[in-house]
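Trainee: Just dropping this structure here.
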Amino acid sequence: MAGTLNIPYDWAKSIFPDGIQHPSSTVISGRGGSGKPLVQLAFVAEWIKKGGKALGIPLQYPDASFLKNSIYKLYDLDLNQYRDQNRYIRFDPEMENMEKATEDEYRANLLIPEVWDRVMEAAREDLYASREDLLVYGSALNLLLFAPRYQDEVVEKMEKMLEDTQNATYLFTVSNNVLGDKIARWEQASDHLLFTRMNEKRQLFIYATRINGKAIESGEPQIPIQPETLDEIRAIAEKNRKTLIPKLKKLK
């Protein structure tokens, strides 16, 4: 499946008129609550429709059911109909390792670099996925940095993953309004760097500053997502953050 992915929306065509080259790494950055995971799911939906395999790491959601609900509402894709193409990782900072929790979901402590490698290899084998077939997408990955004990290891691990796409295509979202110096390392490591913003009318916009490793100045198209949908998903994410962050801060 190596080559180019075309996203069938005007805003995506504006940013990627020739499609997205892959295997590659993409970071979607911006302030918290600016709709980054909703943009990400447009890429994921098209990847799966084209026959690709996907491994989701939705840190802003308590479990994969919320991710499935979001992608269905936004892009009319029922992930339950693509079980052979999808696996998920539920982040559990209280574990020492990883385990397969259900048919399509793993539990893993992603603060430990070696566990990243183990769970990704397990998912790859489970999906029978090659480098060209596999998309690893994670949202709100900046939450991992709230664990002081593991912060440096996590920054380095993610940076290396984004720089070296020999194992998969990576698509990560991060909030950059906290620990911005750490997040900047991930932004700089990506092949494609996108930013989202939301105005006072709760309209969502996207722009790019780097495509295929080259600096650009793109336009800033609006993404037509209803404010009510943004509010609903933001509320779920905020509730999960309030539970997860205190746990991580205790890991010193």
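Trainee: Which condition does Glu232 not pass, out of (1) at negative phi; (2) out of contact with any Lys or Arg (no Cβ under 9 Å at 6 or more places or on another chain), if it passes all the others?
Mentor: (2)
Trainee: I would also like to ask the following. Every residue in the range 1-18 that is of a type outside the set (A, V, I, L, M, F, W, C) and touching a helix residue (DSSP H, G or I) at 6+ places or on another chain (Cβ under 9 Å), please.
Mentor: Residues of the range 1-18 of a type outside the set (A, V, I, L, M, F, W, C): 3-4, 6, 8-10, 13-14, 17-18.
Of everything in the range 1-18, those that are of a type outside the set (A, V, I, L, M, F, W, C) and touching a helix residue (DSSP H, G or I) at 6+ places or on another chain (Cβ under 9 Å) turn out to be Asn6, Pro8, Tyr9.
Trainee: Go through the range 228-252 and report how many residues are surrounded by 13 or more Cβ atoms within 10 Å (Cβ to Cβ) and over 20 Å from the mean Cα position of the chain (by Cα).
Mentor: 2
Trainee: Still on this structure, please answer the following. For the range 92-116, which residues satisfy the criterion of being farther than 15 Å from Tyr150 by Cβ and either among the charged types (D, E, K, R) or loosely packed, with under 15 Cβ neighbours inside 10 Å (or both)? Full working, then the answer.
Mentor: From the range 92-116, those farther than 15 Å from Tyr150 by Cβ are 98-107; that's our starting set.
Residues satisfying the conditions are Glu99, Lys100, Thr102, Glu103, Asp104, Glu105, Arg107.
Trainee: Return yes when Tyr72 is touching a Leu at 6+ places or on another chain (Cβ under 9 Å) and under 22 Å from Ser29 (Cα atoms) and no when it is not.
Mentor: Working: touching a Leu at 6+ places or on another chain (Cβ under 9 Å): yes; under 22 Å from Ser29 (Cα atoms): no.
Judged against the criteria, Tyr72 is not a match.
Trainee: List every residue pair whose Cβ atoms sit under 8 Å apart, with the two residues 6 or more apart in sequence or on different chains, where the first one lies in the range 71-93 and is free of Cβ contacts under 8 Å to residues at least 12 places away in the same chain and the second, anywhere, is assigned to a loop (DSSP other than H, G, I, E, B).
Mentor: Tyr72/Asp78
Trainee: Can you tell me which residue is surrounded by the most Cβ atoms within 10 Å (Cβ to Cβ) among those in the range 42-91 that are under 27 Å from Thr243 (Cβ atoms), charged (D, E, K, R) and touching a strand residue (DSSP E or B) at 6+ places or on another chain (Cβ under 7 Å)?
Mentor: Arg87
Where a number appears in this text, it was derived from the coordinates with a stated rule and is not lab data. All values derive from a computational prediction rather than experimental measurement. We place every Cβ from the backbone using ideal geometry, glycine too, and count neighbours over all the protein chains shown.
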